[in-house]
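Just below is one structure, and these are the notes that go with it.
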């Protein structure tokens, strides 16, 4: 029987329990029960909420441009959505020309993005209670303002988005909110209620105070929400708190352009912006590029493949997706004068592009005559620049110094700056015949170096000033909607699109000389385009949403 | 201990006896004895029956002893499985020693089943078997690929035919919505493996595919998608001293099916018609009449070489097989960026040390290296670049002066403009594409993947008593792989460029082991044969890896090739370095058992049971156990007396069988999906614009679901096997229905939840189908031939989704297509959803899109199923002829009823090239009866391109092999001591019959499980001209 012993031993060994070997601890996590307890946990949860805010607002996950900027900037009477040719990056041109549908990527991504911010905020708000410590009170309050801001933008763009004031489960299907006004008022109240627990920005030089939620940011958002709810006097109260705090100031006119570049990050004019990460030890794809506007710098920069060269201080490559309309450029020049700080920081004429910018070929010390025939500057491809009417966008064009590793922008993501607060306050005063606003309107005008300084506070003056000052900053479209001017100003968007060409290339004339060619692709193809009353006042709830949430009622016209 | 074992055996015997209902009883005379084998070892469980009175019988005990009361003058019939039965006259003797002689005559084919083998006629489940003769002398080096077209119900997917790209196996449809849970469990010589690409088909003796649940159920929670059991070759007893063999193959590869893309004239015509190009613009851009056929320019003829040398032999006590194989497969893309190199060795040996102990090993050693070109994406890839690059652009700009202004600017600025000895790669001035140029995609980086794996088993078979085999088997895999990437900055256009260096190295290694102990015990009781099997297994997999990256505008100490490694990163402030590493462990524990009962070779019943427990990374502790039962039965009608009247000439064999069973699919669970945890300090925000320090934060790792469990399949199967005309014609038919429930659904909760996705068990898929295998073989004199056909019909549909989800969205087509793949009740998994294209309005040339809901508007409410990547029918056909030394094989395989979504056109980038189909069939003023709309009406029309107009019939038939071989007469070759010498020539994958206008319909997939049939540019199947030689000494 000896020979049976080996197999039997084997079997016995084998059958003995190995179950404890199945217990394998998860790495890199802690249990939920042990978190959301201490002040440090509250700070930690809030950091996660800011991260969510960065991901949700700057550039939502799978969208390589900033959809926030796309939704607020592209539908406008001040720009052409341009690009290589008609049809290039059409989902963006579709926004400008009101040809978008409910699958539009920018729309669906930003809708999700706002709720991502809200989720991050609710994790703080749900898991801590007021009254146990000052740190927790502040953390909850910062989260509430982030949440309110997202709801405000949702309400402005979609009308009746669901209010989500707690962490939802995967099975929840929230329905539309009661009304746009109700959401806006809720947002304002949230900001006001939270403000008392928030830090105040320490001074105009307090940079950290510009990249987190402070009292100033809370009141500014409350004011904006109330203004969009058309409660101008209530809005005035909140906005005035920001102004009288003394913690914010307009940068001097000669630095006006700095607001949109790295040197202006956290400067005295910033109410709130999401801070980018400067830590080069954090890998590009470990959250850095994900919270930058990434491809937007390519998208907006001049279309380099049609140019003999790009000015050396600018980030080189680009797809030229945005150009100012001549009407806007000319109105700005007429208002400000050609030499205002603002005009020079905002846009350039073709002559300035050719002769006043630094180029690689400057090393030859060219004369004006040399420059006129220099193939290393200006438009050198006969096809020219689609969507360009002879003026060149400069305000938001990335500088070489703004760009990390040659591919994405290090500039902070600006949510609101002081000039907007002043102009909102001025408008609310104008709406309520309160002359207090004039000084602030003038402050903005004077800082711009504009030749137009208003002597009386009229709504028209404010509207004009806001169009110029806040150009490309996400105000124009929603202001036109609020003022009821969208149909008049946007109905013909997409009718005809200019292409700016240069005889240097088209006729080999030997001398740079620009001219405009017009095309009408939408009209030729019989494509529906232009703002339609009863439809384009609100963005549609995205298809990806309505197809799974039967409680959402689609917006009118969609 | 011994007592315990005896007790177990007794229980079994009693159980067996109960089944037959009668025990032995006293008679007039007592006899006793011992049954032994030729070596003198006792045979336990042998049956001892009185001839003529079968109710008087007994079985031998563990020591081979028996005692029985018998009538005087009776004869005893002594029998045991695997031995010739013996009739012993009793006479006057009372004590017997009976020696049974092993039955060496191979009566019947056996098939490998889990933890054992079975006679083919006893098999009650649905098992497809592919033998060595179908696997040798093929030009593929991948075992999975060699299965294609050889077994009904087994579909081989080739998402890519690049060198070194493995095929994927699908058994009986698509039971999951996940990408990780679709393939079968792979077992090679008892070892569970992660792939079978390492295994050269010529080293395989047989492949068995366990298709129905009852066959697979012995593998429990891992068997939900079927099981493939592979047995590698072994020496043969009769080989004696042994044999040396050498096989060589030389393969010339070239592009098979060319894509039907617009040429320059068509392209210009179409783009002008689209309204995006004008003659003026062509002039402005300096078009010079170039007409580049990109497929012709980027592909070439390449060479694949294969050598195999081996040794095998055996005798009564042991056998060995060892072979070394080398493959060097250079793909058809010009240059050396698509290469697969593999050196593999197989060492199989076993030896009978004692009469009751056999030990052995199967070992496979593999060393591999691959380089590949990019595919499967519209965002810049070699393959998509080849398909969509405009034909107006030449391949090269020979000199600086030929460059576009943009390239000149970048060249002047010192950027890296890629090119080779023929000049710079010509980047289109007409169309700015994500790819820039196919060669830019090929050359923009150096990526290499290589590794070494050792896979093997050590086993001991103990046969303490006859019929009982106790196996203890230790299986292991030791693997190591190393991936490197060096990607320098380059510039092609504003979409295809890179401004910093990326250097990456990833080393993975690990070891896996399984320890299995199981026992098989067979014995007869009268005409009953019982086979019992029981055992356990423990598996642990340990992985270790380190992944490091460095990047920056100037990150290296030097840039010569010998500096391109992480070790030479510098510390510039902009040099970023990143390292990740954490070890992984997974484990599972299982117990399993099987009872097989055969009565008089007529009735077979088999019951399987398995209990599986998985580690806490997959399931919570209290839910870790799962139980998987199955039962199956077979009835061989031709062994019934009432069938004896039918001549063997007409019907030689007929069996019907049925099975039912439950399997699981554990592959879908990993990384603590059920757990509610906090990702600790995984979030960050920088609170000070002036300081690079970040603050860390924590948040939940996701929406937790503590109730998650594995997917479970319930399948029943009925089948019939028949042979006619003296076995010349054989037929096998199976019908099955398989329902898989608790699919893990990664749902995107509604946007308002704010979390991207959450996983729940919320889906059910049904696969049902018919499988048919038909074979005719015959010979006349020296001429023999066979025709083998197999065919499988599959009906796949989703039968349930959680009511909160109406539809899961899978892959979207590229920007500007209003379409996506969907997973929805009532439809096949991941069907293609979009608009229904109804033709052209002949008056205007505009497309007519069906307004399916009749609301007068065309919007996404009119979406419907427009196609499906899963074929209704897959089939294979093999014809073999042999005459004297000449042999001929014709083998083809195909699919029917699947669709391909051709994604070439880009509504957001109109200058991409596309299929000439859309130009040829476009409505124009002079062709108003066209099938496709006018170019201008649909150029940017996302609805049209996302409609059934972009869907093509993906059915194809491919002749995979036409091989002619000649074996030189043995009396010639033996003079040079060669026992066998065969030379052959073959055309493999040479002819493809298909209506698809894109590249290869077989590989036209996105590579992802949720978008079968989405053609985003795949490495096509190569056609191959093969010559080869087989020599044996």
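All of the numbers you see were taken from the coordinates with simple rules; none came from a lab. Note that the structure is predicted; figures quoted are calculated from it, not measured. Cβ atoms come from the backbone with ideal geometry, glycine included; neighbour counts cover every protein chain shown.
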For chain B, the longest principal axis of the Cα atoms and the Cα long axis of helix B:264-274 enclose an angle in degrees, to the nearest 10, of 70
Hey, what number do you get for chain B at 222 nm if only DSSP H runs of n ≥ 4 count, each worth -39500 (n - 2.57), divided across all residues, to the nearest 500?
-> -2000 deg cm²/dmol
Can you pull the three principal axis extents for the Cα set of region B:90-180, in Å, largest first?
-> 76, 34, 19
Rank by packing, highest mean first: peptides A:160-169, B:894-903, with packing defined as the count of other Cβ atoms within 10 Å averaged across residues.
-> B:894-903, A:160-169
Value of Rg/Rh across region A:207-289 [Cα atoms, Kirkwood radius] | 1.08
Percent of Cα pairs exceeding the 17 Å cut-off, where the set is region B:455-598 = 73
Please express the shape of region B:787-843 as an equivalent ellipsoid: the semi-axes are the square roots of 5 times the eigenvalues of the C-alpha gyration tensor, given largest first in whole angstrom.
-> 27, 23, 12
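On average over all directions, what projected area in square nanometres does region B:935-1033 have, based on the convex hull of its Cα atoms?
9.4
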Square roots of 5 times each gyration tensor eigenvalue, C-alpha, region A:332-378, largest first, Å | 25, 10, 8
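Could you sort A:452-463, A:390-401 so that the peptide with the highest average Cβ count within 10 Å comes first and the rest follow in order? Walk me through the numbers before you get to the answer.
Numbers: A:452-463: 15.2, A:390-401: 20.2.
Result, highest mean Cβ count within 10 Å first: A:390-401, A:452-463.
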Region A:415-530 - Kirkwood radius from inverse mean 1/r over Cα pairs (Å) = 17.1
Directionally averaged shadow of region A:53-128, computed from the convex hull of its alpha-carbon atoms, nm² | 5.8
State the three equivalent ellipsoid semi-axes of region B:254-379, derived from the C-alpha gyration tensor as the square roots of 5 times its eigenvalues, in descending order and whole Å.
-> 59, 13, 11
Value of [θ]222 nm, deg cm²/dmol, for chain A, DSSP H segments ≥ 4, -39500 (n - 2.57) each, nearest 500 | -12000 deg cm²/dmol
Two-site label geometry, residue B:237 and residue B:978: point separation in nm, points 7 Å out along Cα→Cβ | 3.2
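Any idea what diffusion coefficient chain A gets from Stokes-Einstein, in µm²/s, Kirkwood Rh on alpha carbon pairs, 25 °C, 0.890 mPa s?
Answer from the Stokes-Einstein relation: 97 µm²/s.
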Residue-span extension gain [residue B:30 to residue B:770] - 0.36 nm each, minus C-alpha spacing = 260.7 nm
Could you work out how far helix A:215-228 tilts from the main Cα principal axis of chain A, as a 0 to 90 degree angle to the nearest 10?
-> 70
Debye intensity ratio I(q)/I(0), log10, region B:183-253, q values 0.17, 0.20, 0.22 Å⁻¹ (C-alpha model) = -0.74, -0.87, -0.96
Taking every pair of alpha-carbon atoms in region A:108-194, what share in percent sits in each 10 Å bin, from 0 to the bin with the longest distance?
-> 19, 49, 28, 5
Plugging the Cβ-Cβ distance of residue B:670 and residue B:637 into 1/(1 + (r/R0)^6) at R0 = 45 Å yields, to the nearest 0.05, a FRET efficiency of 0.45
Rounded to the nearest 10 degrees, the helix A:134-158 long axis (Cα) sits at an angle to the longest Cα principal axis of chain A of 50
Partner shielding of B:674-681, taken as the mean number of other chain Cβ atoms within 10 Å, equals 6
What the 10 Å binned alpha carbon P(r) of the protein assembly as shown shows, as percent of pairs per bin from 0, is 1, 7, 13, 17, 18, 15, 11, 7, 5, 3, 2, 1, 0, 0
Let me see the pair-distance distribution of chain B: every alpha carbon pair, 20 Å bin width, integer percents in order.
-> 11, 37, 35, 13, 3, 0
R0 = 22 Å: FRET efficiency of residue B:727 with residue B:600, Cβ-based, nearest 0.05?
-> 0.55
To the nearest 0.05, how large is the calculated FRET efficiency for residue B:315 and residue B:97 if R₀ is 22 Å and r is the Cβ-Cβ distance?
-> 0.20
Value of relative contact order over chain B, rounded to a whole percent, pairs C-alpha under 8 Å and six or more apart = 12
Other chains near A:302-309: what is the mean number of their Cβ atoms within 10 Å of each residue's Cβ?
-> 4
Whole-angstrom Cα spans of region B:212-286 along principal axes, big to small = 81, 41, 16
How far is it, in nm, from the label point at residue B:896 to the one at residue B:511 when both lie 7 Å from their Cα along the line to the Cβ?
-> 5.3
May I ask you to order B:947-953, A:442-448 by the average number of other C-beta atoms within 10 Å around their residues, highest value first?
-> B:947-953, A:442-448
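Per residue and in Å³, how big is the convex hull formed by the alpha-carbon atoms of region A:168-240?
On the way: hull volume 8.1 nm³, N = 73.
Expressed per residue, the convex hull around the Cα atoms of region A:168-240 is 111 Å³.
Note the per residue figure in Å³ for the convex hull of the C-alpha positions in region A:49-191.
128
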Quick one: Cα centre-to-centre distance for region B:549-594 and region A:203-232, in angstrom?
-> 44
Using label points projected 7 Å from each Cα along Cα→Cβ, tell me how many nm separate residue B:254 and residue B:412, to one decimal.
-> 4.5
From the Cα centre of region B:464-541 to that of region A:461-490, the distance in Å is 64
Please report how far the C-alpha centroid of region A:362-440 lies from that of region B:816-849, rounded to the nearest whole angstrom.
-> 43
Sequence-separation-based contact order of chain A, relative, with Cα cut under 8 Å and 6+ spacing, percent = 18
Shielding by partners, peptide A:103-115 (average Cβ within 10 angstrom, other chains) | 3
Residue span residue B:543 to residue B:582: 0.36 nm per residue of separation minus Cα-Cα distance leaves a gain in nm of 13.2 nm
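Over region B:777-912, what is the relative contact order in percent, taking alpha-carbon pairs closer than 8 angstrom and at least six residues apart?
It comes to 25 percent, rounded to a whole number.
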